[in-house]
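Some notes on the structure that comes next.
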Amino acid sequence: MTTASLDPRALRDAFGSFMTGVTVVTANDASGNPIGFTANSFASVSIDPPLLLVCIAKTSRNFATMTSAKGFAVNVLSDKQMTVSNTFAKPVEDRFAAVEWKSGPHGAPILAGVSAWFDCSLNEIVDHAILIGRVEAFENGAMAGLGFARGSYITPGLSGKAVAAAAEGAPLIAAVVERDGAVLLIPEADGRWRLPQMVLKGGEALAALQEYLAATTGLGIEVGFLYSVYDNKTTGHQHIVYRAAAEPGDSQDGRFIPLTELPLDKMDNSATADLLKRFAAESALGNFGVYVGDEKQGKVHPYARKA
């Protein structure tokens, strides 16, 4: 899109493709009462001096308090704290009544069970919307952080455990490569179709798949989230399947087939057909999940939608 025709909603969706962590930023108001809000506009600035930044909208109900407070804390939520994120994202009067917390060394509220926290003094306000804090104290926990992308929460712990379990053997690693409502399928000699896939002989699954797709398709392809991990007891293979997005152009191998025209009765096996059927249904809803199980039964772990 050109600058003159920018669609605010489309721009928001494009920004949302970048996966971020989820934090709750906290402070005390002039009366000493705790305030806080969910934010993913958080970044480290420097190690020496120890600085970080958070952004706050000028229209936020917390703007005046945050810009006048002596400091604030950034609580990096763990992958078990989606409820906490939703609590601090809603216009609830006493958000702190629903969580366990304490005052940090520098005075800002610190939430229990977070992946990490940083208690900061207010160092600088840039353009009245960027708060730069100097880290006065911090703690790094052992929990995995909570991720967020395209309007959904991502829990790295689930994906990591699933891939690690499958990678104990020599699994087939594949991708549902999508572009403009179509997916890339590879024809086989017997007239059937399959997903682009390779045998993982070692190394990191995501990097290996990225290299394979670039070499076999000749296209720019961005591998995204884990989509399915399952054992096919009929063929004896373990499968790790990711979602991926392709840039314009013709693939050196295979072709893009619209989701409404998928040859489900001509796939290499019933598990692939079921996977693509689920992908088509989830694409229509815009709400995806991770399947873990075997070729006949398992569970879809949905990416939790932000309230």
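The values are calculated or read from the model by the stated rules, or taken from the named source; none is laboratory data. Bear in mind the structure is a predicted one, so any value in this text is a computation, not a measurement. With ideal geometry, Cβ positions are generated from the backbone for all residues, glycine too; neighbour counts draw on all protein chains shown. SASA here: full protein model, heavy atoms, side chains in, ligands and nucleic acids out. Shrake-Rupley method; radii C 1.70, N 1.55, O 1.52, S 1.80 Å.
With a probe of 1.4 Å, find how much accessible area the stretch 15-75 has per residue, and write the answer as a whole number in Å².
On a per-residue basis, the stretch 15-75 sits at 49 Å².
Name the trypsin sites (Lys or Arg not before Pro) in the stretch 174-244 that are in a loop by DSSP and that have at most 12 other C-beta atoms within 10 Å, would you?
When the trypsin sites (Lys or Arg not before Pro) of the stretch 174-244 are filtered for loop state and at most 12 Cβ neighbours within 10 Å, K201, K233 remain.
I want to check the label-to-label distance for A30 and F256. Put each point 7 Å from Cα in the C-beta direction and report it in nm to one decimal.
5.7
At a Förster radius of 25 Å, what calculated FRET efficiency corresponds to the Cβ-Cβ distance of E139 and A43, to the nearest 0.05?
0.85
Mind checking the log10 I(q)/I(0) for the stretch 206-307 at q = 0.09, 0.10, 0.12, 0.25 Å⁻¹? Debye, one equal scatterer per Cα, no solvent, two decimals.
Each listed q maps to, in turn, -0.25, -0.31, -0.45, -1.50.
Just the number, please: carbon plus sulfur as a percent of the accessible area of the chain, 1.4 Å probe, no ligands or DNA/RNA counted.
Roughly 53 percent, rounded to a whole number.
Helix 205-217 versus the longest principal axis of the chain: what angle, 0 to 90°, nearest 10, using Cα atoms?
50
Could you order M143, M267 by accessible surface area, starting with the largest, using a probe radius of 1.4 Å?
Most to least solvent-accessible, the answer reads M143, M267.
How much of the DSSP beta bridge set in the chain is antiparallel, as a percent to the nearest 5?
Rounded to the nearest five, the antiparallel share is 85 percent.
Sum up the lysine pairs in the stretch 166-307 that clear both bars: alpha-carbon distance under 17 Å and a spacing of 8 or more or different chains.
Taking the stretch 166-307 as the scope, the lysine pair count is 5.
Using R₀ = 51 Å, calculate the FRET efficiency as 1/(1 + (r/R₀)^6) where r is the Cβ-Cβ separation of K201 and R9; round to 0.05.
That pair, K201 with R9, gives E of 0.70.
Per the helix-only calculation at 222 nm, which mean residue ellipticity applies to the chain, given -39500 (n - 2.57) for every DSSP H run of n ≥ 4 and division by its residues, nearest 500 deg cm²/dmol?
-6000 deg cm²/dmol
So, for the stretch 232-307, what is the accessible surface per residue at a probe of 1.4 Å, expressed in square angstrom?
About 57 Å² of surface per residue is accessible.
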